[in-house]
Amino acid sequence: MIEQALEEALAQCRLNRSEFSELMVRLLDYGVICRDESVIETTLYDRFQRCEPLVREWLAPLGLRLQHDSRFQFIRVYPPGAEVPGLPDQEEPHHGGFRARLSQQEVAAILALRVEYDKALREGQVDEGGCAALSLEALELGMRNLLKMSLPDKHAERKNLLKKLRQLRLVQFSSEEVEASAEVWLRVRPTIAHFVSESVLRQLIDNDIPPASHEEKDDAEEEKPSERITPEVEDHSLFESEAAS
């Protein structure tokens, strides 16, 4: 019965089951699809536009919510209980199984990207796609000023961090620059403004004492948990929730 209903809905969208499956698997695997990322994501985004109501209908029973930004042409899936820009909060409890797990260094880089993007936005330094140019050196300086943290020293670890930011569709960059250890420029996507909520950003800006880095933990035993922006553990999510674990 469900399969028949699906086939009928897909026929109206002019899609077959294989095409719909490819779209859903990619969306749930990556959590985000940006049209300008690659030829594959261009195809999937255009396909999504033909069947958006059907995709939402299939995600709703799982408690997953979808954000579609038609201006900057990206779609992102949010886990149950997450704070979604423009949508009311969910009241049902959840256990965070779908949440993105990020290291402390990744969280620090993302927060610095958010602050730097807001600065570029205020100064009108964004292109027609809503993206801001930021050098890797400026990102590291932002991390130091805001959080007293830095990018990984080892080339391989730094490369993996950048790949994670790109996987989250928060930045674009030239792989050739990274491989050559040349000056790397990042194209910070407008998705960063949706990925990090306003409340997290306000907490960062209002915080007079930046959180301690790994090396400073021994000297910061009296620091209150509420004063930390980056997590004390390596397993963390930036997706906010009203329901505490």
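Data table
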{"quantity": "Index of the failed condition, residue 69 passing every other in (1) among the acidic types (Asp, Glu); (2) open to solvent by less than 50 Å² (accessible area, probe 1.4 Å); (3) free of Cβ contacts under 8 Å to residues at least 24 places away in the same chain", "calculated": "(3)"}
{"quantity": "Unmet requirement for residue 149, which otherwise passes all of (1) under 29 Å from residue 67 (Cα atoms); (2) open to solvent by less than 50 Å² (accessible area, probe 1.4 Å); (3) modelled with pLDDT of 90 or more", "calculated": "(1)"}
{"quantity": "Filter result for residue 37 (of a type outside the set (Ser, Thr, Tyr) and in a helix (DSSP H, G or I))", "calculated": "no"}
{"quantity": "In the range 117-146, the residues that are in a loop (DSSP other than H, G, I, E, B) and either surrounded by fewer than 15 Cβ atoms within 10 Å (Cβ to Cβ) or on the phi < 0 side of the Ramachandran plot (or both)", "calculated": "123, 124, 125, 126, 127, 128, 129, 131"}
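Conditions tested, residue by residue: (1) among the charged types (D, E, K, R); (2) surrounded by 13 or more Cβ atoms within 10 Å (Cβ to Cβ); (3) at pLDDT 90 or above.
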site	(1), (2), (3)
181	no, no, no
185	no, yes, yes
193	no, yes, no
199	no, no, no
204	no, yes, no
215	yes, no, no
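The values are calculated or read from the model by the stated rules, or taken from the named source; none is laboratory data. Because the structure is a prediction, the values reported are computed rather than measured. Using ideal geometry, Cβ is built from the backbone for each residue, glycine included, and neighbour counts are taken over all protein chains shown. Just so you know, the surface numbers come from the protein's heavy atoms only, side chains and all, with ligands and any DNA or RNA stripped out. Shrake-Rupley method; radii C 1.70, N 1.55, O 1.52, S 1.80 Å.
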